[in-house]
1. Identify, please: which residue in the range 262-284 is surrounded by fewer than 18 Cβ atoms within 10 Å (Cβ to Cβ) and of a type in the set (G, A, S) and is, among those, farthest from R164 (Cα to Cα)?
2. Identify all residues within the range 268-305 that are in contact with a helix residue (DSSP H, G or I) (Cβ under 6 Å, 6 or more places away or on another chain) and within 17 Å of D137 (Cα to Cα); write none if there are none.
3. For the range 22-46, give me each residue that is loosely packed, with under 13 Cβ neighbours inside 10 Å and closer than 21 Å to A112 by Cβ.
4. Give the range 251-275 a look and list any residue that's farther than 18 Å from D148 by Cβ and assigned to a helix (DSSP H, G or I), or say none.
5. Inside the range 62-111, can you point out the residues that are more than 25 Å from E47 (Cβ to Cβ) and under 36 Å from the mean Cα position of the chain (by Cα)?
6. Starting from the range 23-45, take each residue that is closer than 12 Å to R7 by Cα and list its partners that are among the polar types (S, T, N, Q), counting only C-beta distances under 6 angstrom and pairs at least six apart or across chains.
7. Give, as residue ranges, the helices (runs of 4 or more DSSP H) completely inside the range 38-120 that count at least 2 residues that are under 22 Å from A27 (Cβ atoms).
8. For the structure I just gave you, tell me whether T77 is β-branched (V, I, T), free of Cβ contacts under 8 Å to residues at least 24 places away in the same chain, closer than 19 Å to H119 by Cα and surrounded by fewer than 18 Cβ atoms within 10 Å (Cβ to Cβ).
Amino acid sequence: MTNGRDRLRELLDAVLDEENTTLGAMASDAFASPYHFARQVTKGAGEAPVAMRRRILLERAAWQLSNEAGVTEVAWTAGYDSVEGFSRAFSRAFGHPPSATPARPKMRWLPAVNGIHFHPPMALWVEGEPRGRPDMDPTSLLVHHDLDDIRELLKLAAGLDEQRYRHRRAGGVVLEWDGPEDSIATVLDHLIRTKEVWLASIEGADQPRRQLDDLPTLVRRLDEIAPRWLDAVHEIDRRGGWGDTLIDALCEPPESFVLGSVLAHVLTYSAHRRVLARQWLRDELPGATVDYGDPIMWLQQRGRP
C-alpha cells in the first residue's frame with residue numbers, strides 16, 4: 001500500500017499512462033527499476049507490462065475505429081510508428097485489418113489471463129470470475145452493508161449523552177404506520193425493529209414485542225437479529241424464492257407480499273433511515289468524523305476490489 005492506494009493499481013497506472021511508451025518510462029513513473037517493475041506487474045497481473053499495454057491499446061484502437069476514427073490517427077495514438085506496423089499487429093490480434101472494423105460493434109476484447117481490458121474512453125474493466133462471485137451480487141452487498149452500517153451508526157451514537165441521543169426533531173416520520181421517528185434513538189430502534197418484524201412474518205412467528213432503545217439493548221438486538229436475517233435472505237435466494245408470496249396474518253386484515261418486494265422495502269427504508277441518522281449525528285457530533293455510508297467505500301475498506 002502506498003499513500004493509501006493499491007500498489008498494483010499504481011503499477012497499472014504507470015503501464016497505461018499515455019506518456020509511458022517504454023518499459024523504462026513505466027518503471028520510472030512507478031519509482032522502480034525496469035527489472036523490478038516488470039517483475040511486480042507480471043506477478044500481480046499475470047502479464048508482462050509491455051504486452052499488456054500493447055493489448056489494451058489495440059482494444060482501444062478497435063473501439064476508436066468503430067467510432068469512425070481514421071486509421072492513421074488511431075495507429076499514432078496506439079504508439080505505432082507506421083500505419084503498416086499497426087495494421088499488421090491489429091490484423092494478427094483481431095483477424096481482420098483495421099479498415100474492416102464494423103461501426104459501433106459490441107465491445108471487442110482480446111484474450112487476457114487477468115481479465116483486465118480497455119473500457120472507453122480510457123479506463124480499465126476487470127472481468128469477474130467466470131461463474132461470478134456470489135459475494136459481489138448487488139443484493140448480497142446491500143444486505144451485508146446495511147447491517148454493517150447500522151453497527152457503525154450505533155458506534156457513533158455512543159458518543160452522545162442521553163439528552164442528545166433522545167433530542168426530538170420536527171417532522172420525523174418515515175412511514176406513518178411505524179409512528180414518529182423524531183430522534184436518533186427512535187431511528188436506530190426502527191432500523192433494527194423493521195428486521196425483527198419482517199423476519200417474524202417470514203418465519204411464521206408471533207409479532208415481536210417492543211424492546212428498549214437504549215444503546216446497549218440496540219447492540220444486543222442487532223447481534224441477535226443480524227445472523228438470522230442473513231440466514232433467511234440466503235435461504236430464500238438459495239431456493240430461488242424471491243417470487244414467493246407471503247400471506248401475513250399479523251396484519252389487520254391479513255395482507256400478501258412478494259418476498260422480493262419485502263427485501264426491497266426493508267433495504268429502501270433502511271437506507272433512508274441511515275441517511276437521516278447520519279445527518280442528525282453530524283448535528284450532534286460536530287467534531288466527529290461521520291462518513292457518508294457509501295457501499296463503495298465500505299467495500300474498499302474491507303479490502304475488496
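The values are calculated or read from the model by the stated rules, or taken from the named source; none is laboratory data. Predicted model, so just to flag it, every value in this text is computed and none were measured. Cβ sites come from the backbone with ideal geometry, for glycine too, and all protein chains shown count toward neighbours.
1. Checked the range 262-284; the qualifying residue farthest from R164 (Cα to Cα) is A264.
2. P295, W298
3. Residue satisfying the conditions is K43 alone.
4. If the condition is that a residue be farther than 18 Å from D148 by Cβ and assigned to a helix (DSSP H, G or I), then L259, G260, S261, V262, A264, H265 are the ones that fit.
5. Result: N67, E68, A69, P102, A103, R104.
6. Short answer, once both residue conditions are applied: A45/N114.
7. Where helices (runs of 4 or more DSSP H) fall fully within the range 38-120 and carry at least 2 residues being under 22 Å from A27 (Cβ atoms), they are 49-66.
8. Spelling it out, T77 is indeed β-branched (V, I, T), free of Cβ contacts under 8 Å to residues at least 24 places away in the same chain, closer than 19 Å to H119 by Cα and surrounded by fewer than 18 Cβ atoms within 10 Å (Cβ to Cβ).
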